[in-house]
Amino acid sequence: MAKVTVTPETFNFVLFDADHIVELVGDLADRIGLPSDLEIRIEVEERSPLGRTRVTSLDPVTIYAEGGAFENAKKIRHLSDRSVNSVCGRLLYRIADRLSGRFDDAPSDADLTMPQYTAWDTYAVGRCVRLGLPVSRQRRLYHFRIRHGFSDVADAGFERVSTAAGLVVADVAAAPDEASEPAHSTS
């Protein structure tokens, strides 16, 4: 299992258990196929009820999450296994992509356009679904539509990316252009 650490080790503002997060993320890393000697740091900003997340480093792998990202929406300040699995599954798949060699030419996350970022998230979340993780397909489809348009062409792009396997950075980079192309009339 990957070596997972969580900061802080003891939570004061939320009712989270660092050891439980370690177990969840370690299991996810194994299921995703990340190297067993990979060091993964999870940094939780427990004072923030917001849900922003990002990968801040690949060496060592570091995931930053605001407390709301891991929170149970129906039981405020309590940890949600579903949220941890959903958030970390998506980010760990993106990390796996970067470590695979198929995404060596990918720009940093900060340099991705919003449509590219959303397309890559769609690819990651599609694999989360196939892994059996709880994700909201409709939420992800809505995110994709916001960035690529509310059209049959965009929906087809979503289906292609979310059900794909073995994509390379060029495939993900092309998704926004493909999803935004106007439908051609056959008449």
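The values are calculated or read from the model by the stated rules, or taken from the named source; none is laboratory data. Remember, predicted model here, so these are calculated numbers, not experimental data. Here the Cβ positions follow ideal geometry from the backbone for every residue, glycine too, while neighbour counts run over all protein chains shown. Heads up: the accessible areas ignore ligands, DNA and RNA and are worked out on the full protein's heavy atoms, side chains in. Shrake-Rupley method; radii C 1.70, N 1.55, O 1.52, S 1.80 Å.
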- Query: Restricting the first residue to segment 4-24 and requiring it to be under 19 Å from Ala73 (Cα atoms), which pairs with a second residue that is crowded, with 16+ Cβ neighbours inside 10 Å and of a type in the set (Asp, Glu) meet a Cβ separation below 6 Å and a spacing of at least six or different chains?
  - Reply: Phe11/Glu46; Phe13/Glu46; Val14/Glu46
- Query: Name the strands (runs of 3 or more DSSP E) wholly within segment 30-85 that hold at least 1 residues that are acidic (Asp, Glu)?
  - Reply: 39-45, 61-66
- Just name the residue that is most open to solvent (accessible area, probe 1.4 Å) out of those in segment 1-19 that are part of a strand (DSSP E or B) and not hydrophobic (A, V, I, L, M, F, W, C). Lys3
- Identify, by number, the condition in (1) farther than 30 Å from Asp81 by Cβ; (2) touching a residue at least 12 places away in the same chain (Cβ under 8 Å) that Phe150 doesn't meet. (2)
- Query: Can you name the residue in segment 20-49 that is touching an Asp or Glu at 6+ places or on another chain (Cβ under 9 Å) and loosely packed, with under 13 Cβ neighbours inside 10 Å and is also farthest from Ala124 (Cα to Cα) among such residues?
  - Reply: Arg47
- Message: Testing Phe70 on (1) in contact (Cβ under 8 Å) with a residue 40 or more places away in the chain; (2) within 19 Å of Gly157 (Cβ to Cβ); (3) out of contact with any Lys or Arg (no Cβ under 8 Å at 6 or more places or on another chain); (4) open to solvent by less than 20 Å² (accessible area, probe 1.4 Å), one condition comes back false. Which one is that?
- Response: (2)
- Consider Phe144 carefully, then state whether it is over 29 Å from Val84 (Cβ atoms), of a type in the set (Phe, Trp, Tyr) and at pLDDT 90 or above. no
- Task: Answer yes or no: is there a residue in segment 78-94 that is more than 16 Å from the chain's Cα centre (by Cα) and touching a residue at least 60 places away in the same chain (Cβ under 8 Å).
- Result: yes
- Taking segment 98-123 as the region of interest, how many residues are touching a helix residue (DSSP H, G or I) at 6+ places or on another chain (Cβ under 9 Å), free of Cβ contacts under 8 Å to residues at least 12 places away in the same chain and among the aliphatic types (A, V, I, L, M)? 1
- From (1) touching a Leu at 6+ places or on another chain (Cβ under 9 Å); (2) over 22 Å from Cys128 (Cα atoms), pick out the condition that doesn't hold for Glu45. (1)
